[in-house]
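Derivation of every value follows stated rules applied to the coordinates shown; laboratory data play no part. Remember, it's a predicted structure, so these values are computed and weren't measured experimentally. All Cβ positions, glycine included, derive from the backbone under ideal geometry; neighbour counts span all protein chains shown.
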Amino acid sequence: KTLMLGKIEGRRRRGRQRMRGLGWIRSVRSQKEVLFLHVNDGSSLESLQVVADSSFDSRELAFGSSVEVQGQLVKSPSKKQNVELKAEKIEVVGNCDAKAFPFKYKERHPLEYLRQYPHLRCRTNILGSILRVRSEATAAIHSFFKPSSKIKVPEENFFNIPVFLTVSGQLHLEVMSGAFTQVFTFGPTFRAENSQSRRHLAEFYMVEAEISFLESLQDLMQVMESLFKTTAMTVLSNCPKDVELCHKFIAPGQKDRLEHMLKNNFLIISYTEAVEILKQASQNFTFTPEWGADLHTEHEKYLVKHCGDIPVFVINYPRALKPFYMRDNEDGPQHTVAAVDLLVPGVGELFGGSLREERCHFLEQRLARLGLTEAYQWYLDLRRFGSVPHGGFGMGFERYLQCILGIDNIKDVIPFPRFTHSCLL
Ligand code: 4AD
Ligand code: MG
């Protein structure tokens, strides 16, 4: 019987059990006449301890090699694990030249170093943990939205017809929200960001939701906060050890920071209030805060600190800063739209969303001013035929993982990062 090695600890079988396991050697230790191996198959952070007697050749059993082990699963005399495998057979499936292998036993390699090996780094404990958390968070997000319908993004490269990689699924979601009142999509999104920042990728995953018959930003923010918190709680309860490893080794203090975010209500301030707060502290910034200008990363970070490291919704931005589809607040000379960004500790902007302009004549005027009337007739149709107030948001999934795990660089929370001038793999 082949067992997932990460699931064995939980089994706590009383009697002996014959088993077979497949995985990679994470450590080799010899003691007197006995050899201890730790074999990991990626199903969890836990490795299976394999105990072998002197009849096994330790030179063959190198760190990084893939092996098949067979033997009796017995109660372990050590406190470190519940069970261990008394080896009867250990077969090296693929040798690993430990000298040439870029990772060394017992060494804690910095994430920057691991990034040079996109094809091998998933074999380390830390990347294993990050990617298991990524997988749990993906599942948690899908079940958060269930039973909403999923949207398929159109295919690329369609029979010589020019097609484009999408920067957002929003407009397609809006089409769907004309028939299905709650929809979401979760998939790769592309931006030609010419930026070497720690929070931008050229290909990132975005969770987007659109809700029909939604009349206030308040209702939208509730869904955003709930998505953030529910996903984090599910991840914490489904893979606590992986989260703990990230928190302990990468971001000391992050456990408390996350708890702080989860147990407090997120705050809400208007863009105008945000600019006032920033102006009071303008000596701290490279870019002078000013009403009508976009918030820079340094401003976002300051605002989050100012709010006691609790995520903060910034709402009602100047119309000129935001895309044409955002709903006009009709508030006189200031002229704002019902936009919302969620700023979070360590990352800055995590969500962007808005109420959508559902009133046909408002939208027509804006499109005309931008010279987009022709191209967006289909979008106007959505308002001509049974328009409803609606709104939605997008959450950058990699930034979410950065935020809950405390990981500094976005390139470390995605298996294959693609960014400015770089598409290594
Ligand atoms: O603020 P953005 O551009 O919003 C939209 O695309 C809307 N159409 C979403 C909607 O309302 N349906 O992007 C949403 C989020 C950002 O807040 C950020 O977290 C993330 O996507 N994001 C990026 N993440 C990584 N790399 C990039 N280059 C990103 N650009 C945006
Ligand atoms: Mg945005």
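Sequence-ordered 3J(HN,Hα) estimates for the range 133-142 from the Karplus curve with 6.51, -1.76 and 1.60 and θ = phi - 60° stand at 4, 4, 5, 5, 5, 4, 5, 5, 5, 4 Hz, glycine and proline given as x. With the simple spin-label model, which puts each label point 7 Å out from Cα in the Cβ direction, the Lys241 to Lys32 separation comes to 2.7 nm.
Of all beta bridges DSSP finds with both residues in the chain, what is the antiparallel percent, to the nearest 5?
Of all bridge pairs located within the chain, approximately 90 percent are antiparallel.
Structure remark: mean-square fluctuation, Gaussian network model of the chain, C-alpha springs under 10 Å; the largest value among Pro289, Pro188, Pro323 belongs to Pro323. Of the residues Trp291, Trp24, the one with the fewest other Cβ atoms within 10 Å heads the list, and the complete ranking is Trp291, Trp24.
Label sites at Gln72 and Val92, each approximated as a point 7 angstrom past Cα along Cα to Cβ, lie 2.8 nm apart.
Taking amide hydrogens as placed 1.01 Å from N in the peptide plane, the amide H of Ser270 sits under 5 Å from those of Ile315, each at least 5 positions away in sequence or on another chain. Remark on the range 268-332: hydrodynamic radius 12.5 angstrom, per the Kirkwood mean of 1/r across alpha carbon pairs. Backbone phi angles across the range 312-318, fed through the Karplus curve with coefficients 6.51, -1.76 and 1.60 (θ = phi - 60°), yield HN-Hα couplings of 10, 7, 10, 10, 6, 8, x Hz in residue order; Gly and Pro are listed as x. Diffusion coefficient of the range 121-412 by Stokes-Einstein, Kirkwood radius over Cα pairs, 10 °C, 1.306 mPa s: 79 µm²/s. Using the Karplus relation 6.51 cos²θ - 1.76 cosθ + 1.60 with θ = phi - 60°, the per-residue 3J(HN,Hα) values for the range 207-218 come to 9, 10, 10, 9, 10, 8, 6, 9, 10, 9, 4, 3 Hz, with x marking Gly and Pro. What you get for the chain, charging only the Cβ of Lys and Arg (+1) and of Asp and Glu (-1), is a dipole of about 2360 debye around the Cα centre. Given the range 5-105, report the % of alpha carbon pairs whose separation exceeds 17 Å. Across the range 5-105, Cα pairs with separations above 17 Å total 47 percent. Sorted ascending by nearby beta carbons within 10 Å, beginning with the fewest, His335, His200 become His335, His200. Taking each residue as 0.36 nm, the span from Lys248 to Asn284 lengthens on full extension beyond its C-alpha to C-alpha distance by 9.9 nm. Note on the chain: with a GNM built from Cα contacts shorter than 10 Å, the maximum mean-square fluctuation among Glu215, Glu88, Glu107 falls on Glu107.
Going by how many other Cβ atoms sit within 10 Å of their own, how do Arg399, Arg134 line up, fewest first?
Details: Arg399 23, Arg134 20.
By the 10 Å Cβ count, ascending, the order reads Arg134, Arg399.
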